[in-house]
Structures are given as C-alpha cells and as structure tokens.
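The next block holds one structure in the form of structure tokens; read it before the comments.
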Amino acid sequence: MLKEKVIVITGASSGIGEATALLLAEQQPILILMARRKDRLDALASKVEALGSQAVVVPLDITDRQAVADAFSMIINRFGRVDVLINNAGLMPVSFMDKLKVDEWDRMIDVNLKGLLYCIAGVLTHMKDRRAGHIINVSSVAGRKVWPGFAVYNATKFGVTALSEAMRMELTPSYNIKVTVIEPGAVATELTHTITDQDILDSFAKRRITPLQANDIARAIKYAITQPDHVNVSEVVVMPSAQM
Ligand code: NDP
C-alpha cells in the first residue's frame, strides 16, 4: 500500500520519527529522513535500506526557512511528488514561567510551530496542484490539557492541534489533502533531554508510570496513512494506560 510513496519524516533521527521510519520501511516507501544529526540519520538510512526501502538523508534545521524551502524543492524535483509529510520534529525544554527561560520559549516556538509551518509551506502548493497528499502533525496530549510547568510547550502544542483542525477544514474537502493530528501522552524518548529546570526534572524523577514506546506512536501514524482514500483520520490520542 505504501510501496514507492514518497514520505518525508521530520525529526527522524530519534524517538517517534525513527520508529516510524523503521515501521513504514517494511512496506517499501521512499523515505526522506530529516533532522540535524546527520550521523543518526545515516545509521537509520542503512537500517531502512536493509528492510528494502529507499532512504534519502536530508540534514537540516527546520527553523531555517530557506533551507527547508530548498529541501522540499529538491525532493519534489527529484521524485516528482511528496505523498505524505510527517511533521514530527519538536522539543520540550519545559520550565516554570517565573524561571524566565526566554531562550527556551523562543526555541519551542521556532521548532514546534514555525519549523512545522515551514515544512507545510514546502508541500502545500504541490499537494494542492496534485489534489493529493497527507500531512500528519505530531502534537501532544499537551495540545489538549495544560499543566503547570508546561505553559509554553502547551501553547505550541495547542497551536499545532488548532492549526491541524483548521487545515483539515480548509484542505481536505476542497483539495483532497488529508490532515491528521497525532496526540501522544508520555513516550520514552530523548524528548526530556533538553529540560534544564531542576524543579521539573525532580518532579519527572518521581513519576511512576509506564510510558508508551516510540513504536506505539509509529503504529498510530501508520494506521492514519494506510486508510482508504475516502477516510481521513483527523485526530488520534494515544495515552499510556496509567497516565491521567
Ligand atoms: P526526540 O527528542 O527523540 O525527537 C525529536 C526529534 O526532533 C529529533 O529527531 C530531533 O533531531 C528533531 N529536532 C529537534 N529540533 C530540530 C530542529 N531544529 N530541526 C530539525 N529537527 C529537529 O523526541 P520524540 O520522538 O518524543 O518527539 C517527536 C515529537 O513527538 C515531538 O514533536 C514531540 O513534541 C512529540 N511528543 C512527544 C511525546 C513524548 O513524551 N516523547 C509526547 C507527545 C508528543 P535532531 O536533534 O537531530 O535535529
């Protein structure tokens, strides 16, 4: 079903993006792997190719608007299409507001919102012209619920969730571009590695829930992109069984 589909995955160098690439690779799509860490993308590309898929490594920082535009032009010129964009790159240096970690606020807005928008801009005209395509935005349960300490991350993910529903209404009926928002609860990945607020780290250390694995979210993404043409999976929430 996905054979030779051109699928772009941002944030493919670890966690959910990496697991999604490996799961989808079993169906032989052409996988375009984006993130900053080229060594990790190269290692993933080797595994993907061993599973029988073609992989193209595109190292970039998605906050670089021109680099993103150039990358999508290159992909569309080379393969003639992008069938699926999995907008997954993100970071979560959560902190309490009074710590005033303004650089981290900026970074979350730049990557989680603006970078995601730059990638959408990279495919939208092309998908509209083809009247085909699927954009998957990885938001979070933090795009539906707020918690103290998560304010700016919440703001970015509420933004992604709202954007996704508005995109679906604008693009799916008129242009046949499917739009899905995926909202995971806690997943065991490197996402917490950028947290610098010790109070948050201390509270995380006390958490006693069994988190999801990245592959649990990869399966949800695969479900969304393997539905028949008339089915648009608009929103998927996946929670660890023990998380409130
Ligand atoms: P990881 O930290 O493992 O993955 C994040 C990915 O984003 C990495 O591949 C990283 O690659 C990439 N990335 C970060 N900044 C940039 C940038 N400026 N340019 C390009 N790529 C970038 O975490 P997850 O797999 O957990 O996160 C994936 C998505 O899932 C995120 O959007 C996150 O918010 C969301 N999510 C995660 C949850 C969790 O509990 N883990 C829960 C809910 C949602 P590199 O550093 O190589 O650039």
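The values are calculated or read from the model by the stated rules, or taken from the named source; none is laboratory data. Everything quoted here is computed from the prediction, not taken from an experiment. Cβ sites come from the backbone with ideal geometry, for glycine too, and all protein chains shown count toward neighbours. Side chains included, ligands, DNA and RNA excluded: accessible areas come from the protein's heavy atoms. Shrake-Rupley method; radii C 1.70, N 1.55, O 1.52, S 1.80 Å.
Couple of notes before you dig in:
- Taken together, LEU100, LEU51 contain a single residue that is of a type in the set (A, V, I, L, M, F, W, C), open to solvent by 70 Å² or more (accessible area, probe 1.4 Å) and on the phi > 0 side of the Ramachandran plot, which is LEU100.
- Residue match in region 214-221 (condition: open to solvent by less than 70 Å² (accessible area, probe 1.4 Å), farther than 24 Å from ILE7 by Cβ and within 16 Å of the ligand (Cβ to nearest atom)): no
- Looking across region 157-205, the residues that are touching a residue at least 40 places away in the same chain (Cβ under 8 Å), of a type outside the set (A, V, I, L, M, F, W, C) and near the ligand (Cβ under 8 Å from one of its atoms) come down to LYS157, GLU183, PRO184, GLY185, THR189, GLU190, THR192, THR194.
- Subset of region 59-94 (residues that are open to solvent by less than 10 Å² (accessible area, probe 1.4 Å) and within 21 Å of GLU190 (Cβ to Cβ)): ILE86, ASN87, PRO93, VAL94
- Number of positions in region 175-192 that are in contact with a Lys or Arg (Cβ under 9 Å, 6 or more places away or on another chain) and open to solvent by less than 60 Å² (accessible area, probe 1.4 Å): 7
- Any hit, region 192-209, residues being in a helix (DSSP H, G or I), at pLDDT 95 or above and of a type in the set (D, E, K, R): yes
- Here region 1-29 is the region considered, the condition is being small (Gly, Ala, Ser) and under 12 Å from the mean Cα position of the chain (by Cα), and the residue that is nearest to ASN215 (Cα to Cα) is ALA19.
- Count of residues meeting criterion [buried (at least 21 other Cβ atoms within 10 Å of the Cβ) and within 15 Å of the chain's Cα centre (by Cα)] in region 30-48: 5
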